[in-house]
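Student: My questions will all concern the structure given below.
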Amino acid sequence: MINRADLLKNLQSLLPHIEKDILAYSESNAELSEHLQSEYRAAVEAERTAEHFVSWREAQITQAAV
């Protein structure tokens, strides 16, 4: 049987590593980097964010990692 508390604890410890990997990949992949920039510009224009790109990207990466 799966111990939900242990599973959650173990997965939470992996989150920073996954975020780091996604960030590295997004910086090394020109197509993905441009896509993120485009999505950010669209969010700013639609007034869905007032964050700086780096902060916005961190939030997107966290959502993807989770």
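Student: Can you compute 3J(HN,Hα) from phi for each residue in segment 38-47, using the Karplus curve 6.51 cos²θ - 1.76 cosθ + 1.60 with θ = phi - 60°, rounded to whole Hz and x for Gly and Pro?
Tutor: Listing the rounded values in order: 5, 5, 5, 4, 5, 5, 5, 4, 8, 6 Hz.
Student: How much of the calculated P(r) for the chain lies past 20 Å, in percent of all Cα pairs? Can you show the working numbers first?
Tutor: Numbers: 848 of 2145 pairs.
Result: 40 percent of Cα pairs exceed 20 Å.
Student: When ligands, DNA and RNA are left out and all protein chains stay put, how many square angstrom of accessible area per residue does the chain have with a 1.4 Å probe?
Tutor: Details: 5410 Å² over 66 residues.
Per residue, the chain has an accessible area of 82 Å².
Student: Please give, to one decimal in nm, the separation of the simple spin-label points placed at Glu19 and Ser33, each 7 Å out from Cα toward the Cβ.
Tutor: 2.2 nm
Student: Could you give me the ³J(HN,Hα) list for segment 56-66, computed from phi with Karplus coefficients 6.51, -1.76, 1.60 and θ = phi - 60°, whole Hz, x at Gly and Pro?
Tutor: These are the phi-based 3J(HN,Hα) values: 4, 4, 4, 5, 5, 5, 4, 4, 5, 5, 5 Hz.
Student: Take the solvent-accessible surface of the protein heavy atoms, probe 1.4 Å, and return the percent of it on the chain that carbon and sulfur atoms account for. Each step should come with its number before you reach the end.
Tutor: On the way: 2940 of 5410 Å².
Heavy-atom surface of the chain belonging to carbon and sulfur, 1.4 Å probe: 54 percent.
Student: Can you give me the relative contact order of the chain as a percent, contacts being Cα pairs under 8 Å and 6 or more apart? Could the numbers behind the result be given before it?
Tutor: Values: 20 pairs, mean separation 26.0, N = 66.
That works out to 39 percent.
The values are calculated or read from the model by the stated rules, or taken from the named source; none is laboratory data. What you see is a predicted model, and the numbers here were worked out from it, not measured in a lab. Note that we place each Cβ from the backbone using ideal geometry, even for glycine, and neighbour counts take in every protein chain shown. Heads up: the accessible areas ignore ligands, DNA and RNA and are worked out on the full protein's heavy atoms, side chains in. Shrake-Rupley method; radii C 1.70, N 1.55, O 1.52, S 1.80 Å.
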